[in-house]
């Protein structure tokens, strides 16, 4: 089976209903999906869980997916993230010393990172999809299941908050 990757899309010669087509999609696009999930969750492990959950749901729906499955998988990821249904582990144990915290090499600049974290989940999802994943307004609307006008308004509100965020002040 031939898989062609162009501008972040995967088109498979075979139908996504077959296992090989889905496997090819996962191999070709899991890195980009993980990057999006990481920008949403700010945690590598949560991002991996989010991608795994989305791919598992897409696996069971693969016979219904027509064309490129990536928008479908991204929508699952964003919906899972935005609804906050992710179960949080509560088995934390306080210690006298904080463990060393290293910054993953692909983590954005810390100030921008914290400013993004201050945005509401839906606004953060719009910003990540529009400006980090470089999706158009129409593509972002399709992934989120909202109108293009809502993408524009949420993007505008998020950018306005980021412009006045003290973490991003230029000295």
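The values are calculated or read from the model by the stated rules, or taken from the named source; none is laboratory data. Given the structure is predicted, the values throughout are model-derived calculations rather than measurements. Using ideal geometry, Cβ is built from the backbone for each residue, glycine included, and neighbour counts are taken over all protein chains shown.
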- Query: Of the residues 112, 55, 40, 46, which single one is at pLDDT 85 or above, closer than 26 Å to residue 156 by Cα and touching a helix residue (DSSP H, G or I) at 6+ places or on another chain (Cβ under 9 Å)?
  - Reply: 40
- Message: When you scan region 146-168, do you find a residue that is part of a helix (DSSP H, G or I), modelled with pLDDT under 80 and either crowded, with 16+ Cβ neighbours inside 10 Å or outside the structural domain of residue 55 (by TED's automatic domain parsing) (or both), even just one?
- Response: yes
- Being closer than 16 Å to residue 38 by Cβ and crowded, with 17+ Cβ neighbours inside 10 Å is the filter here, so list the residues in region 120-134 that pass it. 124, 125, 127, 128, 129, 133
- Item | Of all residues in region 135-145 being within 12 Å of the chain's Cα centre (by Cα) and assigned to a helix (DSSP H, G or I), the one that is surrounded by the fewest Cβ atoms within 10 Å (Cβ to Cβ) | 144
- Message: Just to check your reading of the model, which residue among 29, 35 is more than 26 Å from residue 115 (Cα to Cα), modelled with pLDDT of 90 or more and in contact with a helix residue (DSSP H, G or I) (Cβ under 9 Å, 6 or more places away or on another chain)?
- Response: 29
- Task: Just one of (1) in a helix (DSSP H, G or I); (2) modelled with pLDDT under 90; (3) outside the structural domain of residue 37 (by TED's automatic domain parsing) trips up residue 96, so point out which.
- Result: (1)
